[in-house]
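Asker: Here it is, the structure, as structure tokens.
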Amino acid sequence: VAEALQFYPLTVKLALSTGVPLNREFILAYATELYMGGHAGQTQLFVESKSIADNLLKQDSGDVEALLLQWYAQRAIGEAEKENAARTQGQVVNAALNRLLNIRQQLGVTGPGATTRPVDNTDPLAVPTDLSDDVNKLQDPRYGEIRLPYAQALADLTWYLVHVDNKAAEAARHLPILKSILGDTNPLVVRIEGFV
């Protein structure tokens with residue numbers, strides 16, 4: 001991490017000097033390294049990481065990974081960000097749910113089980129519990145391109161339910177669907193199941 005934090009600023013400086021734009025993935029990776037480099041009692045790197053996440057969220061308020069990083073940084077900063085961290089916690093799960101609902105719309109699902117909502121909405125989440133029709137549709141070759149993004153979105157949502165929102169029972173309900181799409185031995189499935 002220390003070595004990476006020497007090279008990231010050099011890369012930023014070089015990109016600025018040459019006029020090469022830095023993409024979201026690079027910026028998010030830099031902010032992640034800043035977070036990883038922080039430690040208790042020395043919060044400046046957490047603050048810098050949060051600042052980068054804040055800027056990414058100005059471009060896309062539903063950026064799940066930026067929200068997750070913002071939440072981590074807010075919690076690491078401590079008491080000054082405690083209230084913000086509680087709000088961001090709900091936004092992470094909401095944004096992950098929205099990502100899954102957008103893919104469900106591509107499967108032709110309409111109504112409450114496919115309607116997204118603003119990320120900052122504080123009403124209780126309505127996570128669909130029966131996704132068996134989705135699995136059946138994903139078997140159709142017409143939806144072949146959606147299969148992997150669907151599995152990733154569902155895995156992300158399941159992970160955030162258990163890791164961010166501490167709702168292991170709710171996350172466990174999605175494991176059979178994940179197993180039917182990715183298989184019982186898929187490392188992602190095994191990791192989530194172990195965490196549940």
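The values are calculated or read from the model by the stated rules, or taken from the named source; none is laboratory data. From a predicted model like this one, the values you see are computed outputs, not experimental measurements. Positions of Cβ are generated from backbone atoms using ideal geometry, with glycine treated the same way; all protein chains shown enter the neighbour counts. Areas reflect the complete protein model, heavy atoms only, side chains present, ligands, DNA and RNA absent. Shrake-Rupley method; radii C 1.70, N 1.55, O 1.52, S 1.80 Å.
Asker: Determine the dipole magnitude for segment 52-156: charges of +1 sit on the beta-carbon of Lys and Arg, -1 on that of Asp and Glu, nothing else is charged, the reference point is the Cα centre, and the result goes in debye to the nearest 20.
Answerer: My answer is approximately 160 debye.
Asker: How long are the three semi-axes of the equivalent ellipsoid for segment 1-152, computed from the Cα gyration tensor as the root of 5 times each eigenvalue, in whole Å, largest first?
Answerer: 34, 21, 12
Asker: Can you put E3, E25, E193, E33 in order of accessible area, largest first, using a 1.4 Å probe? Mind dumping the intermediate values first?
Answerer: Working: E3 135, E25 110, E193 80, E33 35 Å².
Ranking E3, E25, E193, E33 by accessible area, largest first, yields E3, E25, E193, E33.
Asker: OK, next. List the lysines whose alpha-carbon lies under 17 Å from that of K179, not counting same-chain residues fewer than 8 positions away?
Answerer: By straight Cα distance, K179 reaches K137.
Asker: Work through the residues other than L57 whose Cβ is under 13 Å from its Cβ and net out their charges, Lys, Arg +1 and Asp, Glu -1.
Answerer: Values: positive: R24, K50, K58, R87; negative: D54, D60, D63, E65, D120.
Summing Lys/Arg as +1 and Asp/Glu as -1 gives -1.
Asker: Under the 0.36 nm per residue contour assumption, what length would be gained going from the current alpha-carbon distance of Q44 and S132 to full extension? Numbers along the way, then the final one.
Answerer: Working: separation 88, 0.36 × 88 = 31.68 nm, distance 4.65 nm.
Full extension from Q44 to S132 adds 27.0 nm.
Asker: Okay, next question. According to the square roots a ≥ b ≥ c of the eigenvalues of the Cα gyration tensor, what is the shape class of segment 1-71, taking rounded for a/c under 1.5, prolate for a/b larger than b/c otherwise, and oblate for the remainder?
Answerer: Details: a/c = 2.24, a/b = 1.08, b/c = 2.07.
It is oblate, given that a/c is not under 1.5 and a/b is not larger than b/c.
Asker: Let me ask something additional. Excluding same-chain residues fewer than 8 positions from K82, which aspartates and glutamates have a Cα within less than 13 Å of its Cα?
Answerer: none
Asker: Please state the shape class of segment 74-196: rounded when a/c is under 1.5, otherwise prolate if a/b exceeds b/c and oblate if not, all from the C-alpha gyration tensor.
Answerer: oblate
Asker: Right, next: Pairs of Cα atoms under 8 Å, at least six residues apart: use those to get the relative contact order of the chain, whole percent.
Answerer: Reported relative contact order: 14 percent.
Asker: Determine the dipole magnitude for the chain: charges of +1 sit on the beta-carbon of Lys and Arg, -1 on that of Asp and Glu, nothing else is charged, the reference point is the Cα centre, and the result goes in debye to the nearest 20.
Answerer: Around 160 debye, computed over the chain.
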